[in-house]
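Single-structure report; data block below.
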Amino acid sequence: MILVNFRFRCFPEILILVLFFIEGVDRCPVMLRICFVTSECVPFASSGGLGDVAASLPSALSAAGHHCIRVMPYYRQVHERRDREKEFKVEDTGIRLGIPMVGQVIEAELLLLRDRVETYFVKFDGFFDRPGLYGETFGDYHDNIWRFSFFQKAVVALLDHLETPYDIVHCNDWQTGLVPLYLSNGLDGQGRFGREKTVYTIHNLAYQGQFPAHDFYVTGLPDYCFGVNGAEFFGSVNFMKAGLVTADKITTVSPTYAEEIQTDAFGHGMQGLLAHRAPDLTGILNGIDLDTWNPEKDPHIETNYNAKTLNGKLDCKKALLKEFDLEFDPEVPLIGLVSRLAEQKGLPLIRECMPELMEMDVQFVLLGSGNPTYEGWIREWQMAYPGKFAAHIGFVPALAHRIEAGADLFMMPSVFEPCGLNQLYSLRYGTIPVVSNTGGLADTVTAQTGTKNGTGFKMEKYDKKSLLACINDAVKVFANQRRWKPLVRRAMEQDFSWDRSAAKYEALYQELA
């Protein structure tokens with residue numbers, strides 16, 4: 001190693017670069033300042049996979065030595081958790097930001113939770129003190145364009161207030177799609193001189209944040225931002241399209257999904273734009289929190305276990321069946337499903353298969369909520385198949401853990417799946433996934449073929465015949481425990497930690513910064 005003993009009177013970054021070339025290391029170890037902008041985050045308020053990513057990715061980046069803050073709205077759910085849990089210490093920063101909104105100034109209060117990742121909450125009760133995040137059973141909130149224009153302006157106003165330059169602003173899904181435009185145009189459209197680079201992550205392209213063209217004035221952006229190189233999309237305002245056009249880099253949550261969204265079948269109208277931006281588009285697989293999802297120390301399950309102590313998993317199965325009032329039979333595999341009840345998750349296909357599925361020697365437990373029509377189907381299945389099918393309509397996080405631990409198989413016949421997390425939890429718990437061959441499911445589950453490879457069962461086509469064939473194959477393998485137990489152990493040995501995924505984001509940030 002060569003020692004540098006002279007005074008280097010220049011920017012610290014230049015000194016680091018000199019040492020970088022002297023040492024000949026693979027990548028520059030520059031500490032980055034990252035602002036992660038999200039509309040939801042576990043455990044504060046969440047409706048899906050974005051909330052899990054917003055919790056885990058900034059933490060992993062912080063652990064890697066970067067300075068990372070997170071910004072999200074202060075919803076009623078956050079306030080209720082603050083009231084309920086005394087150790088949940090959200091403090092008032094005293095920061096008050098005047099946000100220009102259509103000829104008026106609305107004050108945003110900034111609250112802060114100090115942790116490994118500091119989380120700033122944007123508080124304005126007129127927009128965020130509501131039962132839902134984006135809407136309720138009747139549909140989306142009619143003023144979402146106001147709510148999330150305000151939030152995104154508040155993010156930029158906060159960055160200006162903090163007076164500490166940030167290298168990367170990482171935006172997520174439609175609720176943050178205008179942030180790159182506000183970073184360059186300012187809150188009032190008069191311009192802004194910032195140094196930040198932007199990364200925009202698509203978690204689900206199906207939800208784009210579309211609003212009528214006549215509501216563009218709410219954003220406060222210059223008229224030229226409502227065009228082909230801005231927020232205009234076939235005559236409507238489209239927040240996601242704005243992010244896809246203006247961010248420096250685009251990511252999505254699995255390599256296969258990055259390819260799929262450039263096709264007519266999965267592009268939701270954005271396929272041409274995404275194909276054009278393909279050089280700036282990267283698929284980075286989501287990870288999972290190995291502390292939260294860990295059968296060796298999970299506090300929510302009957303018995304802790306690992307790949308060498310699978311008897312503990314059998315205890316979890318017995319306890320789960322008892323909880324759902326089903327009889328235990330060691331010869332019968334238990335199928336689990338934890339899901340948002342939506343068409344994307346394959347509920348119509350499951351309904352089509354249910355009569356034949358219930359004729360097989362299986363049991364089935366389900367946890368989920370969502371589309372009222374699908375909830376009605378589930379109630380019908382409970383009445384039609386007592387002793388074989390049981391469900392809890394709603395969402396209980398601890399029960400989700402118990403299903404992952406206690407089931408033998410986990411069903412995920414998604415029409416499309418950007419990444420998916422439940423199949424990763426299932427692998428971690430030795431619960432063998434039965435999945436469609438799409439998106440993150442294709443990237444994370446290897447089809448079982450023979451006796452020494454594979455981690456799950458994949459549908460060859462998206463149809464009833466293929467799903468039933470997968471379940472039938474799984475039942476046959478389950479009947480031969482000499483084949484089943486090695487399959488379970490292989491599944492549990494897979495590494496889908498955030499460390500690996502975060503390293504890929506880190507490399508992308510370094511390239512930009």
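The values are calculated or read from the model by the stated rules, or taken from the named source; none is laboratory data. The structure presented is a predicted model; accordingly, all values stated were derived computationally and were not measured. Every residue, glycine among them, receives a Cβ derived from its backbone with ideal geometry; neighbour counts consider all protein chains shown. Side chains are part of the model used for accessible areas, which takes the heavy atoms of the whole protein and leaves out ligands, DNA and RNA. Shrake-Rupley method; radii C 1.70, N 1.55, O 1.52, S 1.80 Å.
Among residues of the range 227-252 being β-branched (V, I, T) and surrounded by 16 or more Cβ atoms within 10 Å (Cβ to Cβ), the one that is nearest to L183 (Cα to Cα) is T246. Just a yes or no: is a residue in the range 215-229 in contact with a Cys (Cβ under 7 Å, 6 or more places away or on another chain) and of a type outside the set (D, E, K, R)? The answer is no, given that none of the residues of the range 215-229 is in contact with a Cys (Cβ under 7 Å, 6 or more places away or on another chain) and of a type outside the set (D, E, K, R). Which residue, of G454, G439, is on the phi > 0 side of the Ramachandran plot and either within 24 Å of the chain's Cα centre (by Cα) or of a type in the set (D, E, K, R) (or both)? Just one listed residue meets the conditions, G439. Reported count of residues in the range 332-353, each being assigned to a helix (DSSP H, G or I) and touching a residue at least 12 places away in the same chain (Cβ under 8 Å), is 9. The strands (runs of 3 or more DSSP E) falling completely within the range 389-467 that include 1 or more residues that are β-branched (V, I, T) and under 14 Å from V488 (Cβ atoms) map to 432-435. Would you say D140 is in contact with a strand residue (DSSP E or B) (Cβ under 8 Å, 6 or more places away or on another chain) and within 23 Å of H79 (Cβ to Cβ)? The answer is no for D140.
Results for (1) charged (D, E, K, R); (2) open to solvent by less than 30 Å² (accessible area, probe 1.4 Å); (3) in contact with a Ser or Thr (Cβ under 7 Å, 6 or more places away or on another chain); (4) more than 25 Å from A513 (Cβ to Cβ), shown as yes or no for each residue.
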| residue | (1), (2), (3), (4) |
| --- | --- |
| T201 | no, yes, yes, no |
| Q210 | no, no, yes, yes |
| H214 | no, no, no, yes |
| Y217 | no, no, no, yes |
| C225 | no, yes, no, yes |
| F266 | no, no, no, yes |
| D291 | yes, no, no, yes |
| E296 | yes, no, no, yes |
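If you check E356 against the conditions, is it open to solvent by 10 Å² or more (accessible area, probe 1.4 Å) and without any contact (Cβ under 8 Å) to a residue 40 or more places away in the chain? For E356, the condition - open to solvent by 10 Å² or more (accessible area, probe 1.4 Å) and without any contact (Cβ under 8 Å) to a residue 40 or more places away in the chain - is not met. Determine, yes or no, whether P255 is open to solvent by 50 Å² or more (accessible area, probe 1.4 Å), under 25 Å from E511 (Cβ atoms) and not charged (D, E, K, R). So P255 fits the description; yes. Pairs linking a residue in the range 304-323 that is under 16 Å from R428 (Cβ atoms) and modelled with pLDDT of 95 or more to a residue that is part of a helix (DSSP H, G or I) and hydroxyl-bearing (S, T, Y), with Cβ atoms under 9 Å and 6 or more positions apart or on different chains, are Y305/Y429; K313/Y429; C316/Y429. Report every pair of residues separated by at least 6 positions or lying on different chains whose Cβ atoms are under 8 Å apart, first residue within the range 222-237 and in contact (Cβ under 8 Å) with a residue 60 or more places away in the chain, second part of a strand (DSSP E or B) and open to solvent by 50 Å² or more (accessible area, probe 1.4 Å). That search, which allows pairs on different chains as well, returns V237/Q210; V237/P212.
Taking the range 457-472 as the range and being at pLDDT 95 or above, within 29 Å of the chain's Cα centre (by Cα) and farther than 18 Å from P348 by Cβ as the test, the residues that pass are F457, K458. The residues on offer are V415, V396, and the sole one that is open to solvent by 30 Å² or more (accessible area, probe 1.4 Å) and either at pLDDT 95 or above or in contact with a helix residue (DSSP H, G or I) (Cβ under 6 Å, 6 or more places away or on another chain) (or both) is V415.
Of the helices (runs of 4 or more DSSP H) lying entirely inside the range 1-104, those containing at least 2 residues that are open to solvent by less than 40 Å² (accessible area, probe 1.4 Å) and at pLDDT 95 or above span 49-63. Filtering the range 420-457 to residues that are within 23 Å of A405 (Cβ to Cβ), open to solvent by 40 Å² or more (accessible area, probe 1.4 Å) and of a type outside the set (S, T, Y) leaves only R428. I'm checking my understanding of the structure. Among residues of the range 359-373 that are at pLDDT below 95 and touching a helix residue (DSSP H, G or I) at 6+ places or on another chain (Cβ under 9 Å), which one is least open to solvent (accessible area, probe 1.4 Å)? This residue is G368.
Restricting attention to the range 105-129, report how many residues are more than 22 Å from D160 (Cβ to Cβ) and modelled with pLDDT of 95 or more.
3
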